[in-house]
1. Quick check on the range 79-252: take the gyration tensor over C-alpha atoms, sort the square-rooted eigenvalues as a ≥ b ≥ c, and tell me if it's rounded (a/c under 1.5), prolate or oblate.
2. What is the range 135-215 by shape, rounded, prolate or oblate, if you read a ≥ b ≥ c off the alpha carbon gyration tensor as root eigenvalues and call it rounded for a/c under 1.5, prolate for a/b larger than b/c, and oblate otherwise?
3. Rounded to the nearest 0.05, what FRET efficiency do M136 and T222 give with R0 = 25 Å and r taken as the Cβ-Cβ distance? Could you check?
4. Treat each spin label as a single point 7 Å out from the Cα along the C-beta direction, and report the Y209 to S26 distance in nm.
Amino acid sequence: MDGAPQPPLFATCPKCGHQRQADEQSLDPGLCPACGLVFAKWIRRGSFVPAIQRATEEEEAPIPGFRDRLLAVPEEMDATAWWGRLILLGLLTFWSWRLAGYDYRNGEMGSSFMHAILLPIHEAGHVLFIPLGEFMTIAGGSLFQWLLPLGCAAAFLVQNRDPFGAAIGLWWSGTSLLDLAPYIYDAKAPQLVLLGGHTGEDGPHDWIYLLDQFGRVNQSPTYGALAYGLGVAVMVLGLGWAGLLLYRQHYRHMSRSTAKTTIK
């Protein structure tokens, strides 16, 4: 049928080794969805590079180090995708400024849209950690709320080879720490109205329980401030990483355009 998606030229990318997934079958069959390699150019390369030399080059090609993975950008620049990511970065930067402006000492973060995203994840964490006992069940809410974004970041970086996606995942983990800061701060003198409609004095409060296990409830304001500060720092780090990747991609594109113009 004419409307059926065309099979990709390579099921496994000859450059980065990415294996096309089922949900990627509708994407451009001529491009690697992970690194952006244009398969037609790769094939044409083989027409003028001797097989022995090509095999030698591929065997001797250095394995990308951790730093190279963190700063990897596609060989070809898709202007639409680049501008889309730039707009996303701008929106997240503005949102970060709003989130960081909330006073963690009175729970203003609870009125944010980000809190509405993180709350179901938090509650799911309690359920997931039930097999590990009471302490981990209670800690699991905060732990899963923080670890899920980091897991997404790792998946983008390792599996998808997409450091920009990983940077956004890192930013998300920073917002999660901001969301936890008021809850931690509240343990010493509970004022926040929790999900069940009560404060920590009247019912369960994760961080009263957790800090009480170590005799640290009175230090909860300090820990809440640390969570807030670390959350802001992680958000800035994620945004800075994403911005650096976009700059590197644009700089590479401009350098190549200049080189082509000079050759002509």
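1. Working: a/c = 2.52, a/b = 1.86, b/c = 1.36.
Judged from the Cα gyration tensor, the range 79-252 comes out prolate (a/c at least 1.5, a/b above b/c).
2. Judged from the Cα gyration tensor, the range 135-215 comes out prolate (a/c at least 1.5, a/b above b/c).
3. Taking R0 as 25 Å, the efficiency between M136 and T222 is 0.55.
4. Each label point lies 7 Å from its Cα, and together they span 4.3 nm.
Just so you know, all these numbers are worked out from the coordinates, no wet-lab data involved. A quick note: this is a predicted structure, and the numbers were derived from the prediction, not measured. Here Cβ is always computed from backbone atoms with ideal geometry, including for glycine, and neighbour counts include all displayed protein chains.
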